[in-house]
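The values are calculated or read from the model by the stated rules, or taken from the named source; none is laboratory data. The structure displayed is predicted, hence computed values, not measured ones. Neighbour counts are summed over all protein chains in view; Cβ atoms, including those assigned to glycine, are modelled from backbone coordinates with ideal geometry.
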Amino acid sequence: MTAPGTGGGTFITFEGGEGAGKSTQIRRLAAHLRAESGRPVLTTREPGGSPKAERIREALLAGLAKPYGPFAEALLFSAARIDHLDTLIRPALGRGEIVLCDRFADSTRAYQGAAGGLDPDVLVALEGVVVGPTRPDLTLILDCEPELGLARAQARRAAGAEGAVDRFEAEALAFHARLRTAFRAIAAAEPGRCAVVNAALPADAVEAAIRAVVAERLPGLLPARAGHGRSDDRPGTEHGDAA
Ligand code: T5A
């Protein structure tokens, strides 16, 4: 069963704090679904995903909107989201594709709302206008201590060609702790849509936990096959605490 606004496609979002492993796990789930579902799989991200939204992403992550406060930032994330939905996500869902998106509206709730202090009523109104009926069928919330996620992001930066710490990663630890609480609260408030995955586990174990959640929550996604989508038939993996 898919959400009413997804037009025959399947919309899965990944959420969580900095460096929780969302990009890593999107790549892995996309490869699995491409191999096993027989349906096209689109991976994308927010902010960004479409050429115009990527331009807004650059400004947001450079901190250009920070002086104007969380409402202005939420408006810019929303502007990027409108273009992303109109030009990429809704057309793909309309073609029956599986869309895996790295962050979506829950990030606005957590970053600009719970951690940034923006009025929840404003967020609800904004989300209603911007997202409308295009709600995710499933949201995987990758949960770990903020210190761990920030350390992973820092290690990746030290090893690669990435630039300086971006506008949100640079926030104080207390901000990141509020984010974690916010994402867990979103999951608790919408248990039918959201599943919390223990992202502190090794990447293989997180992947196995995600496959198990997808198989359980979206049983029509993969053709029925003995043991399909179950992580406990794979030696060397352990279950996450998917809720
Ligand atoms: N934002 C976004 C808002 O404020 N409001 C909004 O509405 C939206 C949509 C986006 C920023 O914008 C904010 C949130 C963000 O601050 P971004 O660069 O896309 O910026 O930031 P993130 O989404 O946080 O992405 P990151 O790349 O930092 O983190 P990921 O994708 O969660 O982590 P990933 O997979 O890149 O992994 C990080 C490192 O850890 C390793 C990986 O190999 C990598 O090196 N790793 C693991 N190591 C050990 N064990 C595991 N299980 C591991 N999983 C990954």
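Here are the numbers for this structure:
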item	result
Those residues of the range 31-57 which are on the phi > 0 side of the Ramachandran plot and modelled with pLDDT under 95, in sequence order	Gly38
Any hit, the range 8-29, residues being at pLDDT 95 or above, of a type in the set (Asp, Glu) and over 26 Å from Ala199 (Cβ atoms)	no
Matching residues, the range 80-98, being outside any loop (DSSP other than H, G, I, E, B), of a type outside the set (Ser, Thr, Tyr) and touching a Pro at 6+ places or on another chain (Cβ under 9 Å)	Ala80, Arg81, Asp83, His84, Ala92, Ile98
Scope the range 94-131; condition surrounded by fewer than 22 Cβ atoms within 10 Å (Cβ to Cβ), over 20 Å from Arg180 (Cα atoms) and within 13 Å of the ligand (Cβ to nearest atom); matching residues	Glu127, Val130, Val131
Residues that are modelled with pLDDT of 80 or more and surrounded by 10 or more Cβ atoms within 10 Å (Cβ to Cβ), drawn from the range 148-163	Leu148, Gly149, Leu150, Ala151, Arg152, Ala153, Gln154, Ala155, Arg156, Arg157
Candidates Leu60, Leu64, filtered to the one that is of a type outside the set (D, E, K, R), near the ligand (Cβ under 9 Å from one of its atoms) and more than 30 Å from His32 (Cα to Cα)	Leu60
Criterion (buried (at least 20 other Cβ atoms within 10 Å of the Cβ) and away from the ligand (no atom under 11 Å from the Cβ)) met by exactly one of Thr134, Thr87	Thr134
Leading residue by the ranking (surrounded by the fewest Cβ atoms within 10 Å (Cβ to Cβ)) among those in the range 180-215 that are touching a Ser or Thr at 6+ places or on another chain (Cβ under 7 Å) and part of a helix (DSSP H, G or I)	Ala203
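For every residue, the table says whether it meets (1) more than 30 Å from Gly38 (Cβ to Cβ); (2) free of Cβ contacts under 8 Å to residues at least 12 places away in the same chain.
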| residue | (1), (2) |
| --- | --- |
| Pro91 | no, yes |
| Phe104 | no, no |
| Ser107 | yes, no |
| Gly113 | yes, no |
| Asp121 | yes, yes |
| Leu126 | yes, no |
| His176 | yes, no |
| Pro191 | no, no |
